[in-house]
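The values are calculated or read from the model by the stated rules, or taken from the named source; none is laboratory data. In this text, all values refer to a predicted model and were calculated from it rather than measured experimentally. Cβ placement follows ideal geometry from the backbone for every residue including glycine, while neighbour counts extend to all protein chains displayed. Calculation scope for accessible area: heavy atoms of the full protein, side chains included, ligands and nucleic acids excluded. Shrake-Rupley method; radii C 1.70, N 1.55, O 1.52, S 1.80 Å.
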Amino acid sequence: MQRNITHVRGFKCWGSHIGIKSKRRDLAIIFSEYPADAAAVFTKNLVQAEPVKVSKNNIADGKAQAFVINSGNANACTGNQGREGAIAMVETAAAQLNIRQKDVIIASTGIIGEAFPTEKVVEGIKDNVMHLTNRDIAGSLVANAILTTDTFAKEGFMEFKVDGKEINMAGVAKGSGMIHPNMGTMLAFIVCDINIDSILLDKALKEVIESTFNMINVDGDTSTNDMVGIMCNGTAGNKRIETEDDDYELFKTNLEKMCEHFAKLIISDGEGATKFIEYHVTGAPSKEDARTVVKTISDSKLVQTAMFGKDPNWGRILAAAGRSGVQFLTDNVDLFFGANRKIQLLQKGQPADHSTKSLNKYMKESHIVVYLDLNEGPGEAKGWGSDISYEYVRINAEYST
C-alpha cells in the first residue's frame, strides 16, 4: 500500500460513514498526538461556509491539533443553525480528543443551503475518535471520506532530509467541480513531522499556493468552502526552522511539489473532463502577468469547448490572452502545441506552416500542452485546466437531485 498520512510521525486518523450520504464515507478526522504549528488558506468568495468562519478564527494563533471534515453537506448559507452546528463540531472534537477548542480546524463540503446534520456529525465525531489509528488503511479511509463528485481519492506522500533528519510529509485532497484559481479552490489537508515556526509555515503555504492551487481551473467557479490546511508537529527532531535559510527553502520546495501533485490530480478529475491541459506562458512583462494570462486562457469557455471538441481553433487562445489585461504586441507572439513545443502555430504573430494532419491527431490526445510566448519580458508561469464536456453539464444539472 502506498504510504500516506499514517506514515507521518505522531499522526492518527480515521474516516467513516455517518449517514450524511446514502452510502459513501462522509466524516474524517486527522489528529496530531502533539500540539502542532499550523497554517491555512481559505476561499476568497464573500459567501463563506460556517466552518470557514470558525476555522479562520481558530488558526489565527498558528497552532492546531486536529482537522475534522465532513462531506455531503457544505454547511454554507445555513444561518444560525449551521453556525451552531459548526461550533458543535469544534466543541465535540476538542472534548473527545482532550485538546483546546482553538486547536480544532473544521471543514465541510457538499450541497450548499441544506440544513446541517449536527446530530449525525456530533455522534460521528465521537465514533471516529474511538477508531483513530496509524494503521495504513486509515489514511485511505480519510481520503475517501472527504470526496463529493470526485471519481477517485487523492493522496500524496513524500520524504526528504532536513538537518540530517528524515522528514515525512503526506496529505489528502478533494476537488472536481467549482474549481477556479482564486485560493485553494478545493479542500486539502497536509501533515508533516518537521519542526518549523508557524509564521514561516504560513508564509511558505501562501507562496506555494500561488503557483499551484491558484493556477488550476475546471469551471471558473470558486466555492464557498475552499480550504488548504497544514499541521507540522515537530516529531522529526530537526533543529527548529526559524529563519528563511536553506532548510526553509528545502521544506518550501517539497511543499510546493506536494501541492502541485494535488493540483494536477484535481484537474485530472475535473467533472466530466476528457482532457488535462497544461498551459505555459513565457515572455510576459512579469511573473504575475504570465499568471494572469494563464488563468484567463484556462478559464475561457471557448478554449475549453474547443479542447473538448478536439477542434484546433487556436485563435481562441490568442483572443483570451488579448482580453487578459496584460499588455503585449501581437506581432511578437509565438504559439505552440505539444510537449517541447512540438507544433508551432504562430511565429511572431504570423500563422506558421504546420501539418494539419499532425495537429488534428494531437488534439485527440487526453493530455494537451500549450506554450504561449509573448516575447515581452522575463515573466513566466504554468497552470492546468480541463475541457468542458456534455457530462459536466449533466453532473451539475443534477447535482442536488
Query raised in the report: List pairs: first in region 353-369 and closer than 19 Å to ASP334 by Cα, second in a helix (DSSP H, G or I), Cβ under 7 Å, 6+ apart or cross-chain?
Result: ILE368/MET307
**Report entry** In region 246-264, the residues that are out of contact with any helix residue (DSSP H, G or I) (no Cβ under 8 Å at 6 or more places or on another chain), more than 17 Å from ILE5 (Cα to Cα) and crowded, with 18+ Cβ neighbours inside 10 Å
**Finding:** ASP247
Requested in this report: With the condition kept exactly as written, say whether any residue in region 380-394 is of a type outside the set (D, E, K, R) and without any contact (Cβ under 8 Å) to a residue 40 or more places away in the chain.
Outcome: no
Query raised in the report: Looking only at region 300-311, which residues are surrounded by fewer than 20 Cβ atoms within 10 Å (Cβ to Cβ) and outside any helix (DSSP H, G or I)?
Result: GLY309, LYS310, ASP311
Query - Matching residues, region 260-299, being of a type in the set (Ser, Thr, Tyr) and closer than 22 Å to ASN340 by Cβ - result: SER268, TYR279, THR282, SER298
Requested in this report: Would you confirm whether any residue within region 321-338 is surrounded by 14 or more Cβ atoms within 10 Å (Cβ to Cβ), under 22 Å from ASN217 (Cα atoms), under 25 Å from the mean Cα position of the chain (by Cα) and not β-branched (Val, Ile, Thr)?
Outcome: yes
Query raised in the report: In the set VAL162, VAL142, which member is open to solvent by less than 10 Å² (accessible area, probe 1.4 Å), at pLDDT 95 or above and out of contact with any strand residue (DSSP E or B) (no Cβ under 6 Å at 6 or more places or on another chain)?
Result: VAL162
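Residue-by-condition table, conditions (1) closer than 19 Å to VAL281 by Cβ; (2) of a type outside the set (Phe, Trp, Tyr); (3) touching a helix residue (DSSP H, G or I) at 6+ places or on another chain (Cβ under 9 Å):
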| site | (1), (2), (3) |
| --- | --- |
| ARG316 | yes, yes, yes |
| GLN344 | yes, yes, no |
| LYS361 | no, yes, no |
| TRP384 | yes, no, yes |
| VAL393 | no, yes, no |
**Report entry** Filtered residues of region 304-336 (kept if touching a residue at least 40 places away in the same chain (Cβ under 8 Å) and of a type in the set (D, E, K, R))
**Finding:** LYS310, ASP311, ASP334
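Each row is one residue, and each column tells you yes or no for (1) over 19 Å from the mean Cα position of the chain (by Cα); (2) farther than 17 Å from ILE196 by Cα; (3) of a type outside the set (Lys, Arg).
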| site | (1), (2), (3) |
| --- | --- |
| CYS13 | yes, yes, yes |
| LYS21 | yes, yes, no |
| LYS44 | no, yes, no |
| ASN57 | yes, yes, yes |
| ASP61 | yes, no, yes |
| ALA64 | yes, no, yes |
| PHE67 | no, yes, yes |
| SER71 | no, yes, yes |
Report task. Taking the residues in region 358-379 that are touching a Phe, Trp or Tyr at 6+ places or on another chain (Cβ under 7 Å) and part of a loop (DSSP other than H, G, I, E, B) as candidates, determine which candidate is surrounded by the most Cβ atoms within 10 Å (Cβ to Cβ). Result -> LEU374
Query raised in the report: Quick check, is ILE194 under 22 Å from PHE67 (Cα atoms) and either open to solvent by less than 20 Å² (accessible area, probe 1.4 Å) or assigned to a helix (DSSP H, G or I) (or both)?
Result: yes
Query - Residue ID - farthest from CYS13 (Cα to Cα), chosen from residues in region 87-115 that are modelled with pLDDT under 95 and of a type in the set (A, V, I, L, M, F, W, C) - result: ILE112
Query - Filtered residue count, region 380-393, keeping only those that are open to solvent by less than 20 Å² (accessible area, probe 1.4 Å) and in a loop (DSSP other than H, G, I, E, B) - result: 2
Requested in this report: Could you tell me whether any residue of region 266-280 is part of a helix (DSSP H, G or I) and aliphatic (A, V, I, L, M)?
Outcome: yes
Requested in this report: Could you list all residues from region 265-290 that are among the acidic types (Asp, Glu), out of contact with any helix residue (DSSP H, G or I) (no Cβ under 6 Å at 6 or more places or on another chain) and crowded, with 19+ Cβ neighbours inside 10 Å?
Outcome: ASP269, ASP289
Report task. Would you be able to tell me the number of residues in region 165-187 that are modelled with pLDDT under 95, part of a strand (DSSP E or B) and open to solvent by less than 10 Å² (accessible area, probe 1.4 Å)? Result -> 1
Query - Wholly within region 22-135, helices (runs of 4 or more DSSP H) carrying at least 1 residues that are crowded, with 21+ Cβ neighbours inside 10 Å and touching a Pro at 6+ places or on another chain (Cβ under 6 Å) - result: 79-97
Query raised in the report: Across region 266-304, what is the total count of residues that are closer than 30 Å to LEU147 by Cβ and either in contact with a Gly (Cβ under 6 Å, 6 or more places away or on another chain) or of a type in the set (A, V, I, L, M, F, W, C) (or both)?
Result: 12
Query - Criterion: at pLDDT 95 or above and on the phi < 0 side of the Ramachandran plot - qualifying residue of VAL47, VAL54 - result: VAL54
Report summary line: Of (1) under 27 Å from GLU260 (Cα atoms); (2) modelled with pLDDT under 95; (3) out of contact with any helix residue (DSSP H, G or I) (no Cβ under 6 Å at 6 or more places or on another chain), ALA352 fails just (1)
